[in-house]
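What follows is a set of notes on a single structure, which appears directly below.
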Amino acid sequence: MKIFLDANVLVAVLNKEYPLFSFASRILSAADGMNIEIFTSPICLAIAFYFAEKKSGSSMAGEKIALLVSHIQIATTNQEAVLKTISDKKIIDFEDGLEYYSAIESGCRTIVTEDQHDFHFSEIEVLNCCDFMQKYL
């Protein structure tokens, strides 16, 4: 199973933001022991780095991102994803559209985010961390 993690899930893990950290970190751990491939986009990583840097400084944020990407895969955000986002009239937030089409292009069947309403246009499953854990872990 391939899943896509939104930036807010990554930020919760990098900054140990409770109570979400407990759920988000268990989802990341599932990639090691279960048949789950976790993807995120370069955009989500940039957002996560920004918030980790604000809390922990540049050096520590870099170390956290390096550890994170050793456990997950990076989805491509290419020209096709950009063009699909621009042409999809249901998409309001450009960044969410890029994430969505990056997830689709990577073969993800679920997006895990705490802002489910941001993906109101999604044709694949969108769950928050708690719901994902209850359903799949």
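All of the numbers you see were taken from the coordinates with simple rules; none came from a lab. Given the structure is predicted, the values throughout are model-derived calculations rather than measurements. So basically every Cβ, Gly included, is an ideal-geometry build from the backbone, and we count neighbours across all protein chains shown.
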Subject >> Test item: Cα-centred dipole of the stretch 41-137, Lys/Arg +1 and Asp/Glu -1 on Cβ, debye >> reply: 200
Original post:
How big is the stretch 2-136 by the Kirkwood estimate over distinct Cα pairs, in Å?
Top reply: 14.9
**OP:** Enter the angle in degrees (range 0 to 90, nearest 10) between the Cα long axis of helix 94-105 and the first principal axis of the Cα atoms of the chain, meaning the one along which they spread out most.
**Re:** 90
**OP:** Mind pulling the angle between the C-alpha long axis of helix 42-56 and the longest principal axis of the chain? Nearest 10 degrees, somewhere in 0 to 90.
**Re:** 30
**OP:** Rounded to the nearest 10 degrees, what's the angle between the helix 20-33 long axis and the longest principal axis of the chain, both from Cα atoms, 0 to 90?
**Re:** 80
Original post:
Within straight cross-link reach of LYS64, meaning Cα distance under 12 Å, which aspartates and glutamates are found once same-chain residues fewer than 8 apart are removed?
Top reply: GLU53
